[in-house]
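Heads up, the thing below is written out as structure tokens.
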Amino acid sequence: MRPMPLEPSPRRPPVGSRLRAARQARQLTIEEVAGVTGLTKGFLSRVERDLTSPSVATLITLCDVLHVPIGSLFETPDVQLVRGGTGAKVNLGGVSVEERLLTPRGESRVQVIRSVIDSEGHGGDDLYAVAADVDVLHVLRGRIIVRFSDEEWELTQGDSLTFNGHEPHTWRVVSDDGAEVIWVLVPALWSS
């Protein structure tokens, strides 16, 4: 005989809020869903607030109307935490810079990197490109110049620059006390 837990887990998946999100994503009102399913607005409201549990048959009907796979209502969300200062060290090729991932190492959709750059820091004399469709540079502290083949942009604290990562570019710090920046790359350059 297999051992079985003595009591069920107190954690319940938020089925109702996921159904509400699916309904809102399809831009449907509770009244419209009630009309199609034959359920009352009050019952649907209680289901969406996780105050009552629908039967399996009702859940299947709602998922059909909302075009939601029933299994997705019970999936554990993919949430990963990277604590400050613990992200993997990376090297994008810059000089006098310390870079750490702010996103998990295996994340392939987006990559966020925090760079702390000394006053003499730069991305190299030659223009380079990265394999990202979107590259966003946000300056947290200091001043930095980003150079493209035909123009330069000077950024200071709070400024952000968005560009195609395939576009050849380089950068250099122009503040005496260095700079601190965030790079956002979509998709991620590497994941492993």
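The values are calculated or read from the model by the stated rules, or taken from the named source; none is laboratory data. A quick note: this is a predicted structure, and the numbers were derived from the prediction, not measured. Every residue, glycine as well, gets a Cβ built from its backbone with ideal geometry; the counts of neighbours run over all protein chains shown. Side chains included, ligands, DNA and RNA excluded: accessible areas come from the protein's heavy atoms. Shrake-Rupley method; radii C 1.70, N 1.55, O 1.52, S 1.80 Å.
State whether the residues of the stretch 59-81 include one that is over 28 Å from ARG109 (Cβ atoms) and in a loop (DSSP other than H, G, I, E, B). Before the answer, list the steps.
To start, the set of residues in the stretch 59-81 that are over 28 Å from ARG109 (Cβ atoms) comprises 59-62, 64-65.
Checking which are in a loop (DSSP other than H, G, I, E, B) leaves us with none.
Taking every residue of the stretch 59-81 in turn, none turns out to be over 28 Å from ARG109 (Cβ atoms) and in a loop (DSSP other than H, G, I, E, B).
May I ask you to verify whether VAL95 is open to solvent by less than 100 Å² (accessible area, probe 1.4 Å) and touching a His at 6+ places or on another chain (Cβ under 7 Å)?
Judged against the criteria, VAL95 is a match.
Scan the stretch 111-130 for residues that are small (Gly, Ala, Ser), under 22 Å from GLY87 (Cα atoms) and part of a loop (DSSP other than H, G, I, E, B) and jot them down.
GLY123, the sole residue that qualifies.
Go through SER108, SER160 for me and flag whichever is among the small types (Gly, Ala, Ser), at pLDDT below 95, open to solvent by 60 Å² or more (accessible area, probe 1.4 Å) and under 25 Å from GLY84 (Cα atoms).
SER108
Please find, within the stretch 39-56, the residue that is modelled with the lowest pLDDT out of those that are open to solvent by 70 Å² or more (accessible area, probe 1.4 Å) and over 17 Å from GLN24 (Cα atoms).
Looking at the filtered set, the residue picked out is SER53.
Please enumerate the residues belonging to the stretch 65-85 that are closer than 13 Å to ARG114 by Cβ and surrounded by 10 or more Cβ atoms within 10 Å (Cβ to Cβ).
Kept after step one, since they are closer than 13 Å to ARG114 by Cβ, are these residues of the stretch 65-85: 82-85.
If the condition is that a residue be closer than 13 Å to ARG114 by Cβ and surrounded by 10 or more Cβ atoms within 10 Å (Cβ to Cβ), then VAL82 is the only one that fits.
Here's the yes/no breakdown for (1) under 20 Å from GLN111 (Cβ atoms); (2) assigned to a loop (DSSP other than H, G, I, E, B); (3) without any contact (Cβ under 8 Å) to a residue 60 or more places away in the chain; (4) touching a Leu at 6+ places or on another chain (Cβ under 7 Å):
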{"residue": "ALA132", "(1), (2), (3), (4)": "yes, yes, yes, yes"}
{"residue": "ILE145", "(1), (2), (3), (4)": "no, no, yes, no"}
{"residue": "TRP153", "(1), (2), (3), (4)": "no, no, yes, yes"}
{"residue": "GLU167", "(1), (2), (3), (4)": "yes, yes, yes, no"}
{"residue": "VAL184", "(1), (2), (3), (4)": "yes, no, no, no"}
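Name the single residue, out of those in the stretch 169-182 being outside any loop (DSSP other than H, G, I, E, B) and of a type in the set (D, E, K, R), that is farthest from the chain's Cα centre (by Cα).
So, considering only residues that are outside any loop (DSSP other than H, G, I, E, B) and of a type in the set (D, E, K, R), the one farthest from the chain's Cα centre (by Cα) is ARG172.
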